[in-house]
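Working notes, structure below.
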Amino acid sequence: MTDIVLQAKHLVKTYSQRSGKFGFGTSLVRALDDVSIELKAGKTLAVVGESGSGKSTLARCLLQLQALDSGEVLFAGQDLAKLDGAALRQVRKNLQMVFQDPFASLNPRMRVGEIVAEGLLIHGLGNATEQQAKVIAMLKRVGLSESDMQKYPHEFSGGQRQRIGIARALVLSPKVVVCDEPVSALDVSIQAQILLLLKELQAEMALSYLFISHDLRVVRHIADDIVVMHQGKVVERGQVEAVYQRPQHPYTQNLLAAIPGKRALSA
């Protein structure tokens, strides 16, 4: 049986928002409504849904970037919601994130070498020489070069910036990487390159991915299992090919029907 590396049990997260004709009232929106998921070691679990379905809230709550109302997030047998700052920071190096927007997620005032090394500095991993060697090796592995360390994010294309974001996440050798719409801001041809890179790195580094996406076309190329979310609830789950070929829930059927021609990504 495949080990479960990250597990969420009965997650609930609500927000208050303005309501009424003039916005003077408030109402509660349940972004996560009793959500449970399991991520298997070395596998990719895709969480799919339209904007507002709760998938990005799920990602942030799993990483404890937002507090839950209730529920458990278990990693290595520990409930992350119950850890204090120091203990959570120790666990966090094993839980990293690749963000959606490669233009907004990199500090424009920092050089690439500093961006990728930041996590090593925060966690005190290695001396300066060891940290530099790790950064250089990781940049090369994602298709960049040692000379890129001295450059700034604005000197790179969108696809290259996302490679920097991937290097930043993976330089810490995490066990779990949350990919929050990591290719949605990229051209289709570049999407395929980034997806291939993620799959290669997963095999090499024994990574487990939680892959957040609104695009079932993309998901089919990287995921092993899939969870479909709608209005804060999980409405369908299963192996990706089974869900793709025989969707059970009307919402999943509509998502699949919206794929233009269901054409595959170019390699």
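With a 10 Å cut-off between alpha carbons and a GNM built on the chain, which of ASP180, ASP225, ASP79 moves the most?
Largest GNM mean-square fluctuation: ASP79.
How high is the relative contact order of the stretch 168-242? Use alpha-carbon pairs under 8 Å, at least six apart in sequence, and give a whole percent.
It rounds to 27 percent for the stretch 168-242.
Name the most mobile residue of GLN96, GLN132, GLN17, meaning the one with the largest mean-square fluctuation, in a Gaussian network model of the chain with Cα contacts below 10 Å.
Evaluated over the chain, the most mobile residue of the options is GLN17.
Which of the peptides 229-238, 250-259 is most tightly packed, and how do the rest follow, judged by the mean count of other Cβ atoms within 10 Å per residue?
In descending order of packing, they fall as 229-238, 250-259.
So which aspartates and glutamates pass the test for LYS151, namely a Cα distance under 14 Å, with those fewer than 8 places away in the same chain ruled out?
Leaving aside aspartates and glutamates fewer than 8 places away in the same chain, those within reach of LYS151 are GLU114.
Any chance you could run the full-extension gain for SER147 through TYR15? It's 0.36 nm times the residue separation minus the Cα-Cα distance, nm to one decimal. It would help to have the intermediate numbers written out before the result.
On the way: separation 132, 0.36 × 132 = 47.52 nm, distance 4.51 nm.
Result: 43.0 nm gained on full extension.
Run the dipole for the stretch 103-245 about the Cα centre, Lys and Arg Cβ at +1, Asp and Glu Cβ at -1, nothing else charged, and hand back the magnitude in debye, nearest 20.
Values: 15 positive and 16 negative charges, 35 e Å.
So the dipole magnitude of the stretch 103-245 works out to roughly 160 debye.
Apply the Karplus curve 6.51 cos²θ - 1.76 cosθ + 1.60, θ = phi - 60°, to the phi angles in the stretch 126-137 and return the couplings in whole Hz, x for Gly and Pro.
x, 8, 4, 5, 5, 5, 4, 4, 5, 5, 4, 4
For the stretch 134-225, what does the alpha-carbon gyration tensor say about shape, rounded, prolate or oblate, given a ≥ b ≥ c as the root eigenvalues, a/c under 1.5 as rounded, and a/b over b/c as prolate?
It comes out oblate by the Cα gyration axes.
In percent, what relative contact order does the stretch 103-173 have, based on Cα pairs under 8 Å that are 6 or more apart in sequence?
Across the stretch 103-173, relative contact order equals 49 percent.
Once amide H atoms are placed 1.01 Å from N in the peptide plane, what residues at a sequence separation of 5 or more from PHE211, or on another chain, have their amide H within under 5 Å of its amide H?
LEU45, ALA46, VAL47, CYS179
Excluding same-chain residues fewer than 8 positions from LYS134, which lysines have a Cα within less than 16 Å of its Cα?
LYS93
Once you compute Rg and the Kirkwood Rh from C-alpha atoms, what is the Rg to Rh ratio for the chain?
Working: Rg = 19.0 Å, Rh = 19.4 Å.
The Rg/Rh ratio comes out at 0.98.
For the pair LEU28 and ILE122, how long in nm is the line joining their label points, each one 7 Å along Cα→Cβ?
Label-label distance for LEU28 and ILE122, simple model: 3.2 nm.
Given 10 Å bins starting at zero, what is the percent of C-alpha pairs of the stretch 103-173 in each, up to the one with the largest pair distance?
Calculated P(r), rounded to whole percents: 23, 60, 17, 0.
Could you please report the charge total around GLY126, scoring K, R as +1 and D, E as -1 over all other residues with beta-carbon less than 14 angstrom from its beta-carbon?
Net charge in that neighbourhood comes out at 0.
Placing +1 at every Lys and Arg Cβ and -1 at every Asp and Glu Cβ, with all other atoms neutral, what dipole size does the chain have around its Cα centre, in debye to the nearest 20?
280
Within 13 Å, Cβ to Cβ, of LYS199, how many net charges do the neighbouring residues add up to if Lys/Arg are +1 and Asp/Glu are -1?
Surrounding charge for LYS199 is -1.
In debye, nearest 20: dipole of the stretch 103-173 around its Cα centre with unit charges on the Cβ of K, R (+) and D, E (-)? Present the calculation step by step, with values, prior to reporting the outcome.
Numbers: 9 positive and 6 negative charges, 33 e Å.
Using Cβ point charges on Lys, Arg, Asp and Glu, the stretch 103-173 gives about 160 debye.
Distances longer than 21 Å among the Cα atoms of the stretch 55-178: what percent of all pairs is that?
42
Coordinate-derived values only; no laboratory data. Note that this is a predicted model, so its numbers are computed, not measured. Cβ: placed from backbone, ideal geometry, glycine included. Neighbour counts: every protein chain shown.
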